[in-house]
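The next block holds one structure in the form of structure tokens; read it before the comments.
The values are calculated or read from the model by the stated rules, or taken from the named source; none is laboratory data. Just so you know, these numbers come straight off a predicted model, no measurement behind them. For neighbour counting, all protein chains shown are included, and Cβ atoms are generated from backbone atoms with ideal geometry for every residue, glycine included. To get the accessible areas, we keep the full protein, side chains included, count just its heavy atoms, and leave off ligands, DNA and RNA. Shrake-Rupley method; radii C 1.70, N 1.55, O 1.52, S 1.80 Å.
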Amino acid sequence: MVDDDLWSAVGDPTRRRMLDLLLSEGSGTATSLSEHLPVTRQAVAKHLVVLDRVGLVHATTAGREKQFRVDQAQLARAVAQLADVGTAWSSRLQRIKRIAETIQRGKDTDNETEKKQ
């Protein structure tokens, strides 16, 4: 089952980049993340709220700022969901391919029949 809120959160390229940064650095603040992104600190803070709401990051207070870390369990859940979606779509595409091939064989047979007449 797909968690729409989770996928909506990671659907934004800035938030995906933030997750990449947090994973590579281990943790970060809105200020430290904004130094690597083409958005303001305030925009980063808003993105972090979205990621926190779906459980992909968690914050601890460090002085005047919050230090954010990726929740590995929730990230693993997101990866598993993506794999499930990929598998489901592969299956659907295989069915579509079989239907298209069946239709094409029918057209080829019709064309051969017309040529013989």
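Points to keep in mind about this one:
- Enumeration of residues in the stretch 48-96 that are of a type outside the set (Asp, Glu) and touching a His at 6+ places or on another chain (Cβ under 8 Å): 68, 69
- Number of the condition not met by residue 84 [criteria: (1) assigned to a helix (DSSP H, G or I); (2) at positive phi]: (2)
- Scanning the stretch 3-31 for residues that are hydroxyl-bearing (Ser, Thr, Tyr) and touching a Leu at 6+ places or on another chain (Cβ under 8 Å) turns up just one, 14.
- If you go through the stretch 20-78 and pick out every residue that is without any contact (Cβ under 8 Å) to a residue 12 or more places away in the chain, within 18 Å of residue 5 (Cα to Cα) and under 16 Å from the mean Cα position of the chain (by Cα), you end up with 3.
- Considering residues of the stretch 67-81 that are part of a helix (DSSP H, G or I) and among the polar types (S, T, N, Q) only, the residue most open to solvent (accessible area, probe 1.4 Å): 72
- Test: residue in the stretch 85-102 that is polar (S, T, N, Q), at pLDDT 90 or above and open to solvent by less than 50 Å² (accessible area, probe 1.4 Å): no
- In the stretch 1-19, the residues that are in contact (Cβ under 8 Å) with a residue 60 or more places away in the chain and out of contact with any Asp or Glu (no Cβ under 9 Å at 6 or more places or on another chain): 3, 6, 7, 10
- Selected residue (criterion: least open to solvent (accessible area, probe 1.4 Å)) from residues of the stretch 15-66 that are among the basic types (Lys, Arg) and in a helix (DSSP H, G or I): 15
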